[in-house]
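J.: Got a structure for you, written out below as structure tokens; questions coming shortly.
The values are calculated or read from the model by the stated rules, or taken from the named source; none is laboratory data. This one's a predicted model, so the numbers in the text were calculated from it and none came from an experiment. Note that each Cβ is placed from the backbone with ideal geometry, even for glycine, and that neighbours are counted across all protein chains shown.
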Amino acid sequence: MEIGIVGKPSVGKSTFFNALTLLDVPMAPYPFTTVTPNRGVAAVRAPCPHPEKGTACTPGNAKCVDGTRWVPVNLVDVPGLVPGAHAGRGLGHKFLDDLRASDGFIQVVDLSGSTDDEGRLAEHGSHDPGQEVRWLEDELVAWVAEILSRDFARHARGTELEGKKVEDFLAERLTGLSISPSAIATALRNSPLERTHPSRWTDEDRTNLARRLLEASKPRLVAANKCDRATQNEAEALAKEIEPIPSVPTAADAELTLRRAARTGLIEYRPGDPSFQVREPSRLTPPQSKALEGIRTILLAWGSTGVQQALEEMIYSRLGMIVVYPVEDETHWTDGQGRVLPDAFLVPANTPARAVAYRVHTDLGEHFIRAIDGRTHRAMAADHPLGPNSVVRIVAKK
């Protein structure tokens, strides 16, 4: 799974990315600090089932802290996009192509309205963050429509002559964009297109289809960044303006400071928490104390920095993912080495048992016999959907 961090220059994308990954990629308040995509790993929280067994877990791919698993999520931070990106402006074509594998986008905007279209600093409130949301959607739609439309007429006529399904025709044209067959089917259902004659589709038809494809396959969430420089009223106005796209107020600078301070042992802080504790006040310099007290004020005003919440809302709400725990012993919840609940995987809600087997290992999927619920010990067929926080054993032919 991969989430793209997108937006115009200088709105805090790289700071947001750094706060989630602690990778320390370059940041600066001027355009195009990022010129190549940055990739890293963040994590979302999930309750660990190990207390049900009364024993500690031995996590492998997802660490456990006080009963909370931190399940990994891949992020890609692309250089700032500007109006006209789909036509190559600001190297937009290259930057957009870096998003092909993304399953969804977190768009970072400047809630304070103090960054112009090119990413230059401007007067507070002089630019509408809602407009950023609209133009980026148009850029993404134009990008997908352009990919869809390449040599379209000739291939569409060939599809009609061969009697090929339009779904298969579109899947071929969209190869590499990480758009599933189910998303294509959903987009077609929501588009008033004549399926038997794609050669008759107009430019407008293809643009509308591109919009539906993005809605079905790559949902967006807006991180209304720099909320510490804005007001609650401004956050509420943006949320209302961009509905139904959800918006989460964020203070990425504050989150990054807290995570770095926690990493060095200056404070006790877990991402997403509404507060932090200073370990040894005497270790702090006066500037550090002042900065942390300023962040404490932000947390009191907004409840959190919003950064962790934004990622989790994208994963759990927008993408509808759940966490499952595959094991080899359904009684003790261990793997072949005796490790308790070693791995945690993100999968779409209601994923069938066999699909989870493939997620663990191709051989398990191909030789699947049945799955066993770790709580009820009941057998499950290949098409049985798994629920959130499932503990499951996959039984396969050897």
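J.: Residue under question is ARG318, and the condition is that it be surrounded by fewer than 18 Cβ atoms within 10 Å (Cβ to Cβ) and either among the basic types (Lys, Arg) or closer than 24 Å to CYS57 by Cα (or both); does it hold?
T.: No.
Condition check ((1) within 13 Å of GLU313 (Cβ to Cβ); (2) without any contact (Cβ under 8 Å) to a residue 12 or more places away in the chain) across all residues:
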{"site": "LEU221", "(1), (2)": "yes, no"}
{"site": "ASN225", "(1), (2)": "no, no"}
{"site": "LYS240", "(1), (2)": "no, yes"}
{"site": "ALA251", "(1), (2)": "no, no"}
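J.: Sticking with this one: If you scan the range 72-85, which residues turn out to be within 13 Å of the chain's Cα centre (by Cα) and among the hydrophobic types (A, V, I, L, M, F, W, C)? So that I can check it myself, show each step before the final result.
T.: Quick first cut of the range 72-85, residues within 13 Å of the chain's Cα centre (by Cα) only: 72-77.
VAL73, LEU75, VAL76 - these are the residues of the range 72-85 that are within 13 Å of the chain's Cα centre (by Cα) and among the hydrophobic types (A, V, I, L, M, F, W, C).
J.: Separate question: Can you run down the residue pairs with Cβ atoms below 6 Å, 6 or more apart or on separate chains, where the first is in the range 145-157 and of a type in the set (Ser, Thr, Tyr) and the partner is crowded, with 16+ Cβ neighbours inside 10 Å and assigned to a helix (DSSP H, G or I)?
T.: Hits for this filter: SER149/ARG206.
J.: Show the residue pairs that are 6+ apart or on different chains and have beta-carbon atoms under 7 Å apart, the first residue being within the range 55-72 and closer than 21 Å to VAL360 by Cα and among the polar types (S, T, N, Q), the second being modelled with pLDDT of 90 or more and not in a loop (DSSP other than H, G, I, E, B).
T.: THR58/VAL340; ASN61/PRO72
J.: Could you tell me which residue of the range 69-112 is modelled with the lowest pLDDT, considering only residues that are hydrophobic (A, V, I, L, M, F, W, C) and surrounded by fewer than 18 Cβ atoms within 10 Å (Cβ to Cβ)?
T.: Only one residue fits best here, namely LEU91.
J.: Hey, another quick one. Taking the conditions exactly as written (in contact with a Phe, Trp or Tyr (Cβ under 9 Å, 6 or more places away or on another chain) and not in a helix (DSSP H, G or I)), does TYR358 satisfy them or not? Explain how you work it out, then say what you get.
T.: On the way: in contact with a Phe, Trp or Tyr (Cβ under 9 Å, 6 or more places away or on another chain): yes; not in a helix (DSSP H, G or I): no.
No, not satisfied.
J.: Something else now. I need the full set of residues from the range 141-184 which are among the small types (Gly, Ala, Ser) and surrounded by 13 or more Cβ atoms within 10 Å (Cβ to Cβ), in order please.
T.: In the first step, residues of the range 141-184 are kept if they are among the small types (Gly, Ala, Ser); the result is 142, 145, 149, 153, 156, 158, 163, 171, 176, 178, 180, 182-183.
Within the range 141-184, ALA142, ALA145, SER149, ALA156, ALA171, SER178, SER180, ALA183 meet the criteria.
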